[in-house]
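The values are calculated or read from the model by the stated rules, or taken from the named source; none is laboratory data. Being a predicted model, the structure only gives us computed values, none of them experimental. For neighbour counting, all protein chains shown are included, and Cβ atoms are generated from backbone atoms with ideal geometry for every residue, glycine included.
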Amino acid sequence: MMTGKLKFIIPLIVCNIFCCSCGTVKTTTETAHSESQMNLEYAEQFSVYSLDDGSYEIDIADGQKFLLVPKGVPEPETDGSITVIRQPVENIYVAASSSMDLFDGIGVLDEVKMTSTKLSDWSLPAVRNALESGNMTYVGKYSTPDYETVISENCGLALESTMIYHSPETKEQLESLGIPVMVERSSYEPHPLGRLEWIKLYGLIMGREKEAEDFFNEKMKIFGEVSANTDIPEDERQTVSFFYITANGYANVRKSGDYISKMIELAGGRYVFTADDLNTEENALSTMNMDIESFYQKAKDADFIIYNSTIDGELETIAQLVEKSELLADFKAVKNNNVWCTEKNTFQQTTGVSEMIHDIHMIVTGQADEMEQLEFLHRLK
């Protein structure tokens, strides 16, 4: 929701430059504003400034700049350093799969017409239904989309993940076709709820600010109920291991600063690995592989195991888990029947971060046994 007075954008320099390659007029402008007007509680990877004419400047943390222009407002002259997005924004191409659920959360999934994720790789029912009904189309891998389909759909916005920076020619091609391209950075948010708060940005773009604000506030209530009951001393917290076994027999674990490990902490638990345990190298990956013996030494005494089933399918029994490595049979959590498994939609359902924190809280505080079922986790038999 926007608060405060609207700020006036002041054109200080205007210089027309004709661009022979595209036949458009470029201009050079400098703008001024003094404060972000969007109320953000956790998100740090974007900011929004309201302008006097009703437009909004959107700044992404990696230097991307956008000017969101409402219907009926004349399009300003720009020097090409800021990308113009015109409302209403329709026929969206979402290559950043983690954003899809946020569009569904504000009730505008029907405006997402294209995806770079195949039907077989989607677990979200609404997205699967859209693809099966033809309301959404798979247009190919993010790095090699079917440009003819994107053009024919009259795409109003392409939303990419940072993977697109590995295929810069694809981004350039989309932009040369007159399609605004936004590279979303929700996965870089330091707080798990920062990822969810990107729904406010999409709500603004889609003209659904109130729906986005209301949705976020409802999720905050769930998180608030948990955070009010997590004042547990560090040395008294139950330890949690979150991992899966790779096809090569390694244990794939989350890094200590990853959002999953942070959710465990926010839920009142303690992630079993520290930064010193993992000796992680500096890269953008949120996970790393450990040989099973090293994993055993660090995680065998964890109070709870959460097995990440996203890669190789959901497990139902502890016997299925132990089949992946016999060493797991000696784990404290396995002996005490404290082994849980993620549901298949855990990572694609971005709007469920509060519920995931709640589920973990129920587990580490011993309340899960009193519940009929959890939202994103189930106990292995």
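The set of residues from the range 46-82 being farther than 22 Å from Glu197 by Cβ and among the β-branched types (Val, Ile, Thr) comprises Val69, Val73, Thr78, Ile82. Those strands (runs of 3 or more DSSP E) of the range 161-255 in which 1 or more residues are assigned by TED's automatic domain parsing to the domain that holds Gln349 occupy 239-245, 251-254. Restricting to the range 37-66, what's the tally of residues that are touching a residue at least 60 places away in the same chain (Cβ under 8 Å), in contact with a Leu (Cβ under 7 Å, 6 or more places away or on another chain) and not in a strand (DSSP E or B)? Of the residues in the range 37-66, 1 are touching a residue at least 60 places away in the same chain (Cβ under 8 Å), in contact with a Leu (Cβ under 7 Å, 6 or more places away or on another chain) and not in a strand (DSSP E or B).
Where helices (runs of 4 or more DSSP H) fall wholly inside the range 316-381, the ranges with 3 or more residues that are of a type in the set (Val, Ile, Thr) are 353-364.
The set of residues from the range 67-98 being more than 17 Å from Asn154 (Cβ to Cβ), touching a helix residue (DSSP H, G or I) at 6+ places or on another chain (Cβ under 9 Å) and not in a loop (DSSP other than H, G, I, E, B) comprises Leu68, Thr83, Ser97, Ser98. Tell me yes or no: at least one residue of the range 99-106 is surrounded by fewer than 18 Cβ atoms within 10 Å (Cβ to Cβ) and either in a helix (DSSP H, G or I) or of a type in the set (Gly, Ala, Ser) (or both). The answer is no, given that none of the residues of the range 99-106 is surrounded by fewer than 18 Cβ atoms within 10 Å (Cβ to Cβ) and either in a helix (DSSP H, G or I) or of a type in the set (Gly, Ala, Ser) (or both).
Within the range 112-124, being over 18 Å from the mean Cα position of the chain (by Cα), part of a helix (DSSP H, G or I) and either at pLDDT below 95 or buried (at least 18 other Cβ atoms within 10 Å of the Cβ) (or both) holds for one residue alone: Ser120. Out of all the residues in the range 142-160, which are assigned to a strand (DSSP E or B) and among the aliphatic types (A, V, I, L, M)? Leu157, Ala158, Leu159 - these are the residues of the range 142-160 that are assigned to a strand (DSSP E or B) and among the aliphatic types (A, V, I, L, M).
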